[in-house]
Amino acid sequence: MSIEIMRHSAAHIMAAAVCELYPDVKLDIGPATDDGFYYDFDMPHRLVPEDFEAIEAKMRERIAADQPFERLELSRAEALAMLEKAGQTYKIERLADIPEGESITFYRCGDFLDLCRGPHLATTGGLKAFKLTAVAGSYYRGDERNPMLQRLYGVAEESQEALDALLLRIEEAKRRDHRRLGPELGLFSMSDAVGPGLALWHPKGARIRVAIEDYWRREHLRGGYEMVFTPHIGRAALWETSGHLGFYKENMYSPMDIDGQDFYVKPMNCPFHIEIYKSQMRSYRDLPLRWAELGTVYRYEKSGVLHGLLRVRGFTQDDAHIFCTPETIVEEVRNTVEFALRVLRRFGFTEIAAYLSTRPEKAVGEPERWEQATDSLESALAAEGIPYQRDEGGGAFYGPKIDLKIKDAIGREWQLGTIQFDFNLPERFDLSYIGADGKPHRPYMVHRALLGSIERFFGILIEHYAGAFPAWLAPEQVRVLPLTDDQMPFARQVAAELLAEDVRVEVDAHADKLGAKIRRAQADKIPFMLVVGKREAEAGQVSVRTRGEGDQGAMDLDAFKKLFRAALQA
């Protein structure tokens with residue numbers, strides 16, 4: 001029995017309990033999730049956490065009854081008649097989604113019958129440990145134009161011990177939630193006046209973003225990349241050539257009419273980099289070309305899937321494209337993988353795994369090129385010694401790829417970096433270079449993102465560090481705490497000297513006692529606090545406190561700078 005099957009069965013048992021307790025319940029879907037399950041309901045009663053105890057009690061009754069899960073296969077006509085009689089309008093629409101010729105199945109446990117492909121537990125008694133955790137609104141099919149349903153969440157594990165551990169992790173995740181910490185720490189906010197999915201970076205958040213981007217640019221330049229900048233909009237013809245208007249239009253914003261022509265805000269940066277490539281004839285001697293851009297793109301996401309910084313409508317991709325020859329592709333991919341791992345580790349992610357997706361049944365590009373590209377990706381992973389899984393046939397139709405996934409401080413997995421071959425766009429844009437034989441050849445093109453998007457990566461960083469960023473990333477690295485107004489001139493002198501060396505430093509000028517200033521700095525998660533009293537001012541010293549280790553004693557400013565510089569490398 002897989003944990004996923006158990007959690008899916010828990011969703012059905014929960015739905016049965018809800019239907020037993022409340023009248024006129026219309027059902028939508030109830031899948032398993034990474035750590036539990038949910039079910040979407042349309043019902044007159046507004047569910048609140050105070051209802052959970054009664055629902056859980058009914059679930060336990062059904063579990064104790066050890067009701068079998070019975071699979072029923074019906075014809076489309078029989079299924080439609082049954083759902084119409086029950087008034088299950090959402091299920092009727094879900095029934096219409098099932099392709100002709102595919103089996104239509106229902107599952108029964110006790111008096112509860114639900115349209116579902118399964119599979120399920122043998123009996124309800126197989127659900128060992130569960131708990132309802134939350135209720136939230138969810139638009140039907142994730143579309144804000146549709147009715148708002150009630151989504152009831154729960155978690156389930158194979159033992160009470162495992163469930164207790166899971167609940168602790170969930171509580172820790174709540175404590176780290178970037179949607180709470182971000183505004184609390186003055187990092188970012190969202191505004192209804194601006195629009196959903198559009199983040200506002202506050203000064204402190206912007207300081208961290210600048211630190212991330214400065215590091216990103218510096219490492220790319222050292223790694224042989226060149227920076228490029230491209231517009232935010234492009235003609236419709238560009239997106240027709242790239243295929244976006246044919247395959248991606250539903251995720252693009254409506255066009256704007258400029259001088260009688262349609263222009264679109266860009267959902268991706270790739271076509272612009274390709275146009276830079278096409279701006280002149282290229283020789284094999286010019287390749288490889290490595291171009292990187294922090295390019296802001298805009299994609300329409302349904303409001304139901306927006307989630308803080310993790311899923312937004314406007315975001316900045318850390319994009320790069322590599323154009324190279326078949327002779328250099330192995331070395332390029334190996335360097336790219338090594339580069340990606342080094343950057344991710346600098347941000348504190350040490351548990352990194354890879355997923356290699358290979359050629360699907362329907363694909364563009366020559367099989368020999370697919371084989372060479374896949375082999376180059378696999379050899380690069382082997383050279384770096386990181387664990388990886390092969391997803392046979394799981395690649396995009398236009399090329400194989402590597403997805404890099406990291407684990408954060410509480411063990412959650414996040415996908416970040418992607419190294420993606422593309423055999424499609426070079427064909428669509430007719431890219432070429434002149435080879436050593438004097439003839440035109442098609443270059444290899446590799447899409448490469450390390451962080452994904454700056455917004456999403458920042459959300460992950462906030463949760464990974466619970467807002468207590470390492471010194472090199474902290475928006476305020478040092479806070480000077482004068483004991484009284486008499487020490488304010490020396491405190492400002494200290495701050496000015498540190499600022500001149502690019503330290504992000506501020507002076508706490510509040511008329512509070514020292515204890516209050518220290519507590520405020522700790523709440524703001526400041527890495528270093530420099531206490532300045534009469535004795536320190538007279539001696540030209542500072543008393544150093546660190547966020548993690550407390551009092552470090554008095555020292556002159558040069559000694560502190562040495563301590564600070566060491567912390568920046570940690």
Expressed per residue, the solvent accessible area of region 446-570 in Å² (1.4 Å probe) is about 44 Å²
If unit charges are put on Cβ atoms (+1 for Lys and Arg, -1 for Asp and Glu) and the dipole of the chain is taken about its Cα centre, the option from THR374, ALA354, ALA86 lying farthest towards the positive end turns out to be ALA354
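So how much slack lies between ARG520 and ALA193, counting 0.36 nm per residue of separation and subtracting their Cα-Cα distance, in nm? It would help to have the intermediate numbers written out before the result.
On the way: separation 327, 0.36 × 327 = 117.72 nm, distance 3.11 nm.
Once the chain is fully extended between ARG520 and ALA193, it gains 114.6 nm.
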If unit charges are put on Cβ atoms (+1 for Lys and Arg, -1 for Asp and Glu) and the dipole of the chain is taken about its Cα centre, the option from LEU113, ILE329, LEU425 lying farthest towards the positive end turns out to be ILE329
Candidate cut points under GluC sites (Glu not before Pro) in region 81-155, DSSP loop plus at most 14 other Cβ atoms within 10 Å of their own Cβ, are GLU100, GLU102, GLU144
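Counting helices only, and only those DSSP H runs with n ≥ 4, report the 222 nm mean residue ellipticity of the chain as the sum of -39,500 (n - 2.57) divided by its residues, in deg cm²/dmol to the nearest 500.
On the way: 18 runs with 208 residues, N = 570.
Per the formula, -11000 deg cm²/dmol.
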Between TYR248 and THR123, the two model label points (7 Å from Cα along the beta-carbon direction) sit apart by a distance in nm of 5.3 nm
Of all trypsin sites (Lys or Arg not before Pro) in region 116-147, the ones in DSSP coil with at most 16 other Cβ atoms within 10 Å are ARG117, LYS128, ARG145
Among ALA122, HIS447, PRO527, the residue whose Cα sits farthest towards the positive end of the charge dipole of the chain (+1 at Cβ of Lys and Arg, -1 at Cβ of Asp and Glu, taken about the Cα centre) is PRO527
1/(1 + (r/R0)^6) with r = Cβ-Cβ of ARG535 and LYS562, R0 = 25 Å, i.e. FRET efficiency to nearest 0.05, evaluates to 0.70
Any lysines whose Cα falls less than 24 Å from that of LYS278, other than same-chain ones fewer than 8 residues away, would be LYS266, LYS439
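Which entries in LYS249/LYS302; LYS204/LYS249; LYS58/LYS131; LYS534/LYS561; LYS128/LYS302; LYS26/LYS128 show an alpha-carbon gap greater than 24 Å?
Details: LYS249/LYS302 14 Å; LYS204/LYS249 36 Å; LYS58/LYS131 12 Å; LYS534/LYS561 21 Å; LYS128/LYS302 36 Å; LYS26/LYS128 27 Å.
Among LYS249/LYS302; LYS204/LYS249; LYS58/LYS131; LYS534/LYS561; LYS128/LYS302; LYS26/LYS128, the Cα-Cα distance tops 24 Å for LYS204/LYS249; LYS128/LYS302; LYS26/LYS128.
State the three equivalent ellipsoid semi-axes of the chain, derived from the C-alpha gyration tensor as the square roots of 5 times its eigenvalues, in descending order and whole Å.
On the way: eigenvalues 415, 294, 99 Å².
The equivalent ellipsoid of the chain has semi-axes of 46, 38, 22 Å.
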So the carbon and sulfur contribution to the accessible area of the chain, 1.4 Å probe, in percent, is 50 percent
Rounded to the nearest Å, the spacing of the alpha-carbon centers of region 363-404 and region 420-486 is 21 Å
Expressed per residue, the solvent accessible area of region 197-337 in Å² (1.4 Å probe) is about 47 Å²
One point scatterer per Cα, no solvent, Debye formula: log10 I(q)/I(0) for region 1-79 at q = 0.15 Å⁻¹ comes out as -0.61
Rounded to the nearest 10 Å², the accessible area of CYS116 using a 1.4 Å probe with every protein chain kept is 20 Å²
Regression test value, accessible area per residue of region 37-106, probe 1.4 Å, units Å², expected 56 Å²
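How do VAL542, VAL48 rank by accessible surface area computed with a 1.4 Å probe, from largest to smallest?
Numbers: VAL542 0, VAL48 55 Å².
Order by accessible area, largest first: VAL48, VAL542.
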At the level of C-alpha centres, the distance separating region 1-45 and region 244-292, in angstrom, is 44 Å
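Go ahead and run the numbers for FRET between THR484 and ARG179, Cβ-Cβ distance against an R0 of 51 Å, rounding to 0.05.
Working: r = 39 Å, r/R0 = 0.77.
About 0.85, to the nearest 0.05.
What size of dipole, in debye to the nearest 20, comes out for the chain about its Cα centre when the only charges are +1 on Lys and Arg C-beta atoms and -1 on Asp and Glu C-beta atoms?
Numbers: 73 positive and 89 negative charges, 242 e Å.
The calculation lands at about 1160 debye.
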One finds the C-alpha centres of region 51-97 and region 508-570 to be spaced, in Å, by 62 Å
For region 92-221 the mean separation of alpha carbon contacts under 8 Å (6+ apart) over residue count, i.e. relative contact order in percent, is 12 percent
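Could you tell me the calculated FRET efficiency between ARG76 and ARG390, based on Cβ-Cβ distance and R0 = 51 angstrom, to the nearest 0.05? Don't skip to the end; give the middle numbers.
Numbers: r = 38 Å, r/R0 = 0.74.
So the FRET efficiency works out to roughly 0.85.
Only sites in a loop by DSSP and with at most 12 other Cβ atoms within 10 Å count here; which trypsin sites (Lys or Arg not before Pro) in region 1-100 make the cut?
Working: sites: ARG7, LYS26, ARG46, LYS58, ARG60, ARG62, ARG71, ARG76, LYS85, LYS91, ARG94; in loops: ARG46.
Passing both the DSSP loop test and the Cβ count: ARG46.
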Counting only protein heavy atoms and leaving out ligands, DNA and RNA, the solvent-accessible surface of THR296 at a 1.4 Å probe, in Å² to the nearest 10, equals 40 Å²
Computed about the Cα centre, the charge dipole of region 261-304 from +1 Lys/Arg and -1 Asp/Glu charges at the Cβ has a magnitude in debye, to the nearest 20, of 140 debye
With +1 at each Lys and Arg Cβ and -1 at each Asp and Glu Cβ, the charge dipole magnitude of region 16-59 around its Cα centre, to the nearest 20 debye, comes out at 160 debye
Once both label points are put 7 Å beyond Cα along the C-beta direction, the VAL48-GLU368 separation in nm becomes 7.1 nm
Ranking HIS202, HIS321, HIS510 from most to least accessible area with a 1.4 Å probe gives HIS510, HIS202, HIS321
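The values are calculated or read from the model by the stated rules, or taken from the named source; none is laboratory data. None of these values were measured; they are calculated from a predicted model. Cβ coordinates were reconstructed from backbone atoms using ideal geometry, including for glycine residues, and neighbour counts include every protein chain displayed. Quick note on the areas: whole protein, heavy atoms, side chains included, nothing else; ligands and nucleic acids left out. Shrake-Rupley method; radii C 1.70, N 1.55, O 1.52, S 1.80 Å.
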